[in-house]
Amino acid sequence: MADQTSEILAQCIADIKAGKASIEDCLAKYSQLRVELEPLLKIALAIEPPPKVTPSPIFKTRARANLLAKIQPQCPVTKGRWLRYSFMTDLIPAERRFKMAAILIAIVLAVASVGGGTAYASQDALPGDMLYPEKTFIENARLFFAFSDQSKAETHLKIADTRIDELSRLPGDRNRFIERIMENYQYNLEQGLDLAEQLVEQGGNASGLLNKFQERITYHQGVLNTSCNQVQVEARHVVQNALNVSDQGLDRTNRMMAQVRMENTSRIMAQVFEAAQAGNVDEVDELLGDYDEELSAFMEVASATGDAEGLLEQAREGLGLVFQQMPAEIPEQARTAIENARVRTMEGIDHAAEAMGQGEGLMNAWQEFEREWEEFMYQWQGETAPGPENWQYAWDEYKQGQHEPGSQQAPSGDGQQNGAGSQGGSAH
Amino acid sequence: MEPNERVNMDNEALWIEQASKGNPQSFARLYDMHVDRIYRYILYRVSDIGIAEDLTQEVFLRGYQAIHNFRKMRSPFVAWLMTIAHNLVIDYYRSNKHELPLEDNIVNADSTTSPQKIAEARLEQQRLQKAIRQLRLEQQQVIILHFIEGFEYSEIAALLRKTEGAIRVIQHRALKELRCILDKETN
């Protein structure tokens, strides 16, 4: 009943306010509720909004200024980002860094020589310049004529590079263009990454492309950080947004690189199995060296993502399945080396996952494990190493501190010593 | 919907989108658009200009910090701001248990109205306002949003996450409660 009266009351209020009925009309229509409705309708209709109540203009202006001061984005501290970058460069061997620098110089020279032509006269144009529309037209034309996903992705990355260059050269009186520049930067970066993702999903060779993305985005972040502190306060949030997008872009790139590295380890292990079946033990050793390198590279790039634990879990599952495919009929020496790699991989992943659970970094944990494994392997120098099935047992014993160097070795599964003469896993 | 109103709605949607991406200037535009209504809503509840000003500033600051949550809702943006205002008013009353004096300048009137009429209207509104402030918080909110701010039941329902029927029931009970309060005062 209360609900029904509530509905009638609400309807009467609406009708009276809309001029469709008077109080008396409503009371006549719902005469059985007259006693209850009449006072309530009178009160309801007496409630009026207070007219012309507005805050003072002084308050509005002051409150607006206060609000803006409090919500204005703060630029990140540049040092933190570059520290992260310098940590990553430290991980790259000096020789590789030199090669990368040489490639970069070659790219710069190539671009400079092409830029001499009249067709590229607009390349230095900035938003607001007369030649700027021509510049963007040429960019679109390049995109149009880029046929493969890889070249399209590279072109988008190059355009994103150009926007960053424009931001760094934009004079102070053209701040109004920053929003458009940054929007276009974000668009091209995301488009390029989408295409790279497609390439990775299709199993294409995306390593080179992803390296480019990683290098360029890291560079973009440096420029964006500097610009964020230099642009007018009103434009700061736009640069901050672009920084967030580039951060996400770098994370996406690292995840893709991790995926590629993981697939590479699986591919190499398949080659190991083929070589083992062919009885080519030397090739098995060589390929297991490549496998180790690729696995370490996977750990390095996974550690730079925001989901290192998830990637470790995927690696554990994926590589576990790969090792299950080991052919039955292969030489014992090869089997010993492959089993060594299997135990090393699984134990290493478990160690890293456990250490990460305790707040340690993935790379630290992985390097710690590698040192420990090296020490474990050192014990078998000059002695007969465990046989194919006994690496797990030997490692477990070593971990429990039961094994003393040179004193004993792990028993084989059938209770016999393994005398294959192998020094264990691959020779590295 | 009037063309100007449509333009404002479109602009508002754009500014909300931009503000939720961290654009303070867009949020400042939303502030310009709604500050009067939020201020009025709070002033009606607290009847003190200084407190209304402080709380109005706080509403917009909290609104900016929580604007991502708004996108999931289907109520008007200003109504969402009013729920923030409502919560701040509740907090205010919890930490200031004494009742506040009524401000004389809340009720203004047209300059052509006679002084006697102005005085009567002021007294009547003050009486009603005082009675509304004695209602339960949820009832206050429904009465103010519907009668003072002119929101539809559907909008209030979306905002308070209740059915329209429940809002009409709350309104009914609130009016009955108001009647009791006003009767007691008269007697």
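State yes or no: is A:LEU288 touching a residue at least 40 places away in the same chain (Cβ under 8 Å) and within 16 Å of A:GLN259 (Cα to Cα)?
no
Is it fair to say B:LEU135 is modelled with pLDDT of 65 or more, among the hydrophobic types (A, V, I, L, M, F, W, C), outside any loop (DSSP other than H, G, I, E, B) and crowded, with 16+ Cβ neighbours inside 10 Å?
No: the conditions fail for B:LEU135.
Please determine whether any residue of region A:368-375 is buried (at least 18 other Cβ atoms within 10 Å of the Cβ) and at pLDDT 80 or above.
yes
Does at least one position in region A:297-308 carry a residue that is at pLDDT below 90, outside any helix (DSSP H, G or I), surrounded by fewer than 20 Cβ atoms within 10 Å (Cβ to Cβ) and in the same structural domain as A:THR345 (by TED's automatic domain parsing)?
Yes, region A:297-308 has at least one match.
Hey, could you check region B:19-57 for residues that are among the acidic types (Asp, Glu) and either without any contact (Cβ under 8 Å) to a residue 12 or more places away in the chain or in a helix (DSSP H, G or I) (or both) and say which is farthest from the other protein chains (Cβ to nearest Cβ)?
B:ASP54
One line per residue, one yes/no per condition, for (1) crowded, with 23+ Cβ neighbours inside 10 Å; (2) farther than 30 Å from A:ALA65 by Cα; (3) within 14 Å of chain B (Cβ to nearest Cβ):
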{"position": "A:ASP165", "(1), (2), (3)": "no, yes, no"}
{"position": "A:ALA196", "(1), (2), (3)": "yes, yes, no"}
{"position": "A:GLN202", "(1), (2), (3)": "no, yes, no"}
{"position": "A:ASN205", "(1), (2), (3)": "no, yes, no"}
{"position": "A:THR218", "(1), (2), (3)": "no, yes, no"}
{"position": "A:ASN225", "(1), (2), (3)": "no, no, no"}
{"position": "A:ALA235", "(1), (2), (3)": "no, no, yes"}
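Would you point out which residue out of A:ALA275, A:ALA355 is modelled with pLDDT of 90 or more and more than 20 Å from the chain's Cα centre (by Cα)?
A:ALA275
How about region B:167-187: which of its residues are part of a helix (DSSP H, G or I) and either of a type in the set (Phe, Trp, Tyr) or more than 9 Å from chain A (Cβ to nearest Cβ) (or both)?
B:ALA174, B:GLU177, B:CYS180, B:ILE181, B:LYS184, B:GLU185, B:THR186
Answer yes or no: is there a residue in region A:270-282 that is in contact with a helix residue (DSSP H, G or I) (Cβ under 9 Å, 6 or more places away or on another chain), surrounded by fewer than 21 Cβ atoms within 10 Å (Cβ to Cβ) and not in a helix (DSSP H, G or I).
Looking through region A:270-282, at least one residue is in contact with a helix residue (DSSP H, G or I) (Cβ under 9 Å, 6 or more places away or on another chain), surrounded by fewer than 21 Cβ atoms within 10 Å (Cβ to Cβ) and not in a helix (DSSP H, G or I).
Among the listed residues B:GLU185, B:GLU152, B:GLU177, B:GLU120, which satisfies the condition of being of a type in the set (Asp, Glu) and at pLDDT below 75?
B:GLU120
Taking the criterion of being outside the structural domain of B:LEU135 (by TED's automatic domain parsing), within 24 Å of A:ARG236 (Cβ to Cβ) and at pLDDT 85 or above, would at least one residue in region B:85-101 satisfy it?
Looking for residues that are outside the structural domain of B:LEU135 (by TED's automatic domain parsing), within 24 Å of A:ARG236 (Cβ to Cβ) and at pLDDT 85 or above, one finds none in region B:85-101, hence no.
Which numbered condition in (1) in contact (Cβ under 8 Å) with a residue 12 or more places away in the chain; (2) among the hydrophobic types (A, V, I, L, M, F, W, C); (3) not in a helix (DSSP H, G or I) is the only one that A:PHE147 fails?
A:PHE147 satisfies every listed condition except (1).
Kindly indicate which of A:LEU9, A:LEU37 is more than 9 Å from chain B (Cβ to nearest Cβ) and either exposed (fewer than 13 other Cβ atoms within 10 Å of the Cβ) or not in a loop (DSSP other than H, G, I, E, B) (or both).
A:LEU37
Pick out the one residue from A:ASP194, A:ASP161, A:ASP165, A:ASP129 that is in a loop (DSSP other than H, G, I, E, B) and of a type in the set (Asp, Glu).
Unique residue meeting the criteria: A:ASP129.
The values are calculated or read from the model by the stated rules, or taken from the named source; none is laboratory data. Values in this document were obtained by computation on a predicted structure and should not be read as measured data. Using ideal geometry, Cβ is built from the backbone for each residue, glycine included, and neighbour counts are taken over all protein chains shown.
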